[in-house]
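The values are calculated or read from the model by the stated rules, or taken from the named source; none is laboratory data. Since this is a predicted model, take the numbers as computed values, not measurements. Positions of Cβ are generated from backbone atoms using ideal geometry, with glycine treated the same way; all protein chains shown enter the neighbour counts.
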Ligand code: PMP
């Protein structure tokens with residue numbers, strides 16, 4: 001009998017025993033192409049030798065040096081190196097362990113630094129499962145239902161979801177910004193609003209990239225009303241989208257950036273980055289945590305950063321992502337139930353729709369399961385679970401993309417039957 005809580009919902013029946021690069025192996029030795037990457041985490045591939053070596057050396061030297069008690073070199077070195085890849089204005093870093101915790105830290109900072117309460121988020125966003133982060137999350141019912149009341153002071157405005165609305169991007173963007181202005185005029189007066197929190201591309205909400213005009217519109221309103229623009233790059237950061245940060249696709253300047261997932265190749269580590277002057281407006285000691293900035297996680301993150309740069313993984317994500325999307329469009333052309341293929345870099349979604357144009361989670365799930373049976377691990381996302389997403393490690397090569405496309409074509413064909 002398993003003592004594992006039934007509260008966990010397994011996406012696949014696989015019991016993984018070993019990982020190497022883009023592959024996972026089960027206990028019987030069966031090999032799976034892992035296009036989930038631990039939900040976009042193992043950016044350098046499973047057990048990249050340089051990440052393994054860095055972590056092993058750190059484990060043998062110093063595992064835990066609590067960062068409000070003593071400092072340690074991996075934390076300082078990582079901060080210096082992250083400073084080189086972050087926007088220059090975001091020169092101050094604070095570390096915790098997970099995406100949700102970093103979101104909590106960003107809420108805390110935004111409220112503290114502005115003296116204002118309200119936060120505006122966007123329909124379909126996912127920011128985490130802890131209670132503050134859950135209050136910002138509208139990616140699907142399972143993240144909020146039955147756990148309220150959630151943190152007050154949160155208003156939700158539309159995200160430009162062109163495909164689902166049946167509009168073009170320009171119309172969807174105009175609608176989203178008009179509704180945001182309405183929210184600011186009626187629900188969240190700017191003088192009471194601390195921050196807009198936004199993903200450059202909806203993740204759990206369905207793999208929908210923002211539009212340049214939408215993010216420019218948020219930036220303009222943030223400047224006009226002195227509201228902070230907090231960009232949640234937990235899933236889109238660290239090369240995932242074919243640029244180092246997802247927001248770089250849109251030429252928008254964040255006031256606070258949240259990073260996690262790909263940052264440490266699977267070790268629990270997350271951070272918020274903001275201007276020192278903003279961080280100073282919060283009291284010293286108002287943020288903290290026992291495990292934040294763990295030495296082994298920091299050493300792994302340093303190695304991750306080096307591997308990403310030395311192996312050209314950001315460019316690889318852009319190139320392989322293009323090849324993946326081109327191939328997926330061909331599959332979709334043969335199977336109208338795949339109504340939309342979209343994404344940035346190696347963050348790609350296939351949205352399933354019924355002939356009437358409604359979300360079709362049943363077929364999405366059947367395709368995901370059929371892919372798993374064929375040795376291709378995938379996940380779903382979207383408010384209804386109607387999107388099958390593909391997020392392989394950034395080290396994926398042409399042969400593996402092509403192999404995945406062949407398995408996917410075969411899996412989708414079985415759903416048609
Ligand atoms: N923000 C975004 C954009 C995410 O995709 C996620 C995780 N899927 C989180 C926050 C929460 O991260 P975690 O699961 O590490 O708490």
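Every residue, every condition in (1) touching a strand residue (DSSP E or B) at 6+ places or on another chain (Cβ under 8 Å); (2) assigned to a strand (DSSP E or B); (3) not assigned by TED's automatic domain parsing to the domain that holds residue 179, yes or no:
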position	(1), (2), (3)
88	no, no, no
95	yes, yes, no
101	yes, no, no
105	yes, no, no
108	no, no, no
111	yes, no, no
116	yes, no, no
128	no, no, no
134	no, no, no
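Here's the yes/no breakdown for (1) closer than 27 Å to residue 304 by Cβ; (2) surrounded by fewer than 17 Cβ atoms within 10 Å (Cβ to Cβ); (3) at pLDDT 95 or above; (4) away from the ligand (no atom under 14 Å from the Cβ):
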| residue | (1), (2), (3), (4) |
| --- | --- |
| 173 | no, no, yes, yes |
| 179 | no, yes, yes, yes |
| 182 | no, yes, yes, yes |
| 209 | yes, no, yes, no |
| 218 | no, no, yes, yes |
| 228 | no, no, yes, yes |
| 235 | yes, no, yes, no |
| 238 | yes, no, yes, no |
| 241 | yes, no, yes, no |
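Would you check if there is a residue in region 54-74 being out of contact with any helix residue (DSSP H, G or I) (no Cβ under 9 Å at 6 or more places or on another chain), surrounded by 15 or more Cβ atoms within 10 Å (Cβ to Cβ) and without any contact (Cβ under 8 Å) to a residue 40 or more places away in the chain? No, because not a single residue in region 54-74 is out of contact with any helix residue (DSSP H, G or I) (no Cβ under 9 Å at 6 or more places or on another chain), surrounded by 15 or more Cβ atoms within 10 Å (Cβ to Cβ) and without any contact (Cβ under 8 Å) to a residue 40 or more places away in the chain.
Return a yes/no flag: does region 184-202 have any residue that is assigned by TED's automatic domain parsing to the domain that holds residue 115, closer than 18 Å to residue 384 by Cα and within 16 Å of the ligand (Cβ to nearest atom).
Yes, because at least one residue in region 184-202 is assigned by TED's automatic domain parsing to the domain that holds residue 115, closer than 18 Å to residue 384 by Cα and within 16 Å of the ligand (Cβ to nearest atom).
Does residue 19 meet the test of being more than 30 Å from residue 407 (Cβ to Cβ) and away from the ligand (no atom under 16 Å from the Cβ)? Considered against the rule, which asks whether it is more than 30 Å from residue 407 (Cβ to Cβ) and away from the ligand (no atom under 16 Å from the Cβ), residue 19 comes out as no.
Entry remark, region 99-134: residues being within 17 Å of the chain's Cα centre (by Cα) and within 13 Å of the ligand (Cβ to nearest atom) number 19 in total. Looking only at residues that are more than 16 Å from the ligand (Cβ to nearest atom) and touching a residue at least 12 places away in the same chain (Cβ under 8 Å) in region 261-279, which one is nearest to residue 38 (Cα to Cα)? Applying the filter and picking the extreme gives 274. I'd like to check something: does region 191-201 contain any residue that is in contact with a helix residue (DSSP H, G or I) (Cβ under 6 Å, 6 or more places away or on another chain), surrounded by 15 or more Cβ atoms within 10 Å (Cβ to Cβ) and in a helix (DSSP H, G or I)? No, region 191-201 contains no residue that is in contact with a helix residue (DSSP H, G or I) (Cβ under 6 Å, 6 or more places away or on another chain), surrounded by 15 or more Cβ atoms within 10 Å (Cβ to Cβ) and in a helix (DSSP H, G or I). Of all the numbered requirements in (1) within 20 Å of the chain's Cα centre (by Cα); (2) surrounded by fewer than 16 Cβ atoms within 10 Å (Cβ to Cβ), residue 274 misses one, and that requirement is (2).
The set of residues in region 163-173 that are assigned to a helix (DSSP H, G or I) and touching a residue at least 24 places away in the same chain (Cβ under 8 Å) comprises 163, 164, 169, 170, 172, 173.
For residue 38, the criteria (1) out of contact with any strand residue (DSSP E or B) (no Cβ under 8 Å at 6 or more places or on another chain); (2) in contact (Cβ under 8 Å) with a residue 12 or more places away in the chain; (3) more than 16 Å from the ligand (Cβ to nearest atom) hold in every case but one, which is (3). Considering region 14-32, and only residues there that are part of a loop (DSSP other than H, G, I, E, B) and touching a residue at least 24 places away in the same chain (Cβ under 8 Å), the residue that is farthest from the chain's Cα centre (by Cα) turns out to be 30.
Is region 55-62 home to any residue that is at pLDDT 95 or above and not in a helix (DSSP H, G or I)? Within region 55-62, one or more residues are at pLDDT 95 or above and not in a helix (DSSP H, G or I).
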